[in-house]
Ligand code: CTP
């Protein structure tokens, strides 16, 4: 049996929503498909899965433990509570980078609304977990419109990831909401692998298998303490 057949995997998925008032929020077009596909592939690998997801219209795969969240702050608190127990952490969520400083309990009326919304930066969940990482294998995502490899390589190092999965957005048939994608895996050792275009489920299976193979090789190469 593979040494990596019973790992605990923490996955973030979907968008976050940052509410301005009870009927308005700041968000992005993420549908959560990639994160949910990763959860399905990890379960097939025999791993246990904690799936922390922003608001999406998807059914969680059978066997995954779903932790629904709304805002970046609530996603952070949930990840913070689960991170220490995980072996593999894959952050596929499209976390809002900014949140309104003020929340209005009452619906803001258009005639009296201010035209400016003041924003504060949200906590960078991946970077924070990267700083805290012990034995966890951490995979981040980088959705980019331009300078794909340079931006993703910067994220790999700045957020202390083992891998970053880069994908180009703004192209027909791939990225947010699409069933298909093309990805480049950038690894800490400087190597890269490109996969696709193919379905997000096929890509998820490739990613999970590749993580499993890497961890199997790492544990084989680690000298035993005897
Ligand atoms: N991420 C996170 N917390 C945030 C922002 C991003 O955990 N507040 C994670 C995402 O889940 C993803 C990675 O960081 O795994 C990169 O996210 P991305 O939105 O591509 O990059 P940013 O760090 O937000 O930088 P920029 O918006 O400048 O590209």
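Bear in mind these aren't lab numbers, they're just calculated from the coordinates by the rules spelled out. Note that the structure is predicted; figures quoted are calculated from it, not measured. Positions of Cβ are backbone-derived with ideal geometry, glycine not excepted, and every protein chain shown enters the neighbour counts.
Stretch residue 180-residue 19 to full length: gain in nm at 0.36 nm per residue minus the Cα-Cα span? If you can, show how the numbers build up before the last one.
Numbers: separation 161, 0.36 × 161 = 57.96 nm, distance 3.00 nm.
Difference between extended and current length: 55.0 nm.
In region 137-226, what % of DSSP beta bridges are antiparallel (nearest 5)?
Working: 10 of 16 bridges.
If we restrict to bridges inside region 137-226, about 60 percent are antiparallel.
What does the C-alpha gyration tensor say about the overall shape of region 115-226? Classify as rounded when a/c is under 1.5, otherwise prolate if a/b is larger than b/c, or oblate.
Values: a/c = 2.33, a/b = 1.31, b/c = 1.78.
Verdict is oblate for region 115-226.
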Quick one: helix 200-221 against the long Cα principal axis of the chain, what's the angle to the nearest 10°, folded into 0 to 90? 50
Residue-averaged 222 nm ellipticity for the chain, from DSSP H runs of 4+ at -39500 (n - 2.57), nearest 500: -9000 deg cm²/dmol
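For a quick check: sort 162, 97, 111 by the number of other beta carbons within 10 angstrom, fewest at the front.
Working: 162 21, 97 14, 111 5.
Fewest-to-most ranking of 162, 97, 111: 111, 97, 162.
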Under a plain spin-label model, where a point goes 7 Å from the Cα along Cα-to-Cβ, how far apart in nm are residue 5 and residue 187? 2.4
Helix 33-44: inclination vs the chain longest Cα principal axis, degrees, rounded to 10, gives 30
DSSP bridge pairs, the chain: antiparallel proportion in percent, nearest 5: 40
In a GNM of the chain with a 10 Å cut-off on Cα contacts, which of 99, 31, 145 has the highest mean-square fluctuation? 145
By its C-alpha gyration tensor, with a ≥ b ≥ c as the square roots of the eigenvalues, how is region 2-101 shaped: rounded for a/c under 1.5, else prolate for a/b larger than b/c, else oblate? prolate
Only counting other Cβ atoms within 10 Å, I'd like 137, 19 sorted with the fewest neighbours first. 19, 137
A correct fewest-to-most ranking of 193, 131, 60 by other Cβ atoms within 10 Å would be 131, 193, 60
Angle in degrees between helix 72-82 and the longest Cα principal axis of the chain, rounded to the nearest 10: 30
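Run the numbers on region 1-154 and let me know its relative contact order in percent, using alpha-carbon pairs under 8 Å that are six or more apart. Spell out each step's value before the answer.
Working: 292 pairs, mean separation 42.1, N = 154.
Dividing the mean separation by the residue count of region 1-154 yields 27 percent.
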Quick check: pseudo-label points 7 Å beyond the Cα along Cα→Cβ at residue 218 and residue 98, how many nm apart are they? 3.6
Inter-probe distance in nm under a simple model that places probes 7 Å from Cα toward Cβ, at residue 116 and residue 81: 3.8
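How would you classify the chain from its alpha-carbon gyration tensor, with a ≥ b ≥ c the square roots of the eigenvalues: rounded for a/c under 1.5, else prolate if a/b is greater than b/c, otherwise oblate?
Details: a/c = 1.86, a/b = 1.70, b/c = 1.10.
Prolate, since a/c reaches 1.5 and a/b exceeds b/c.
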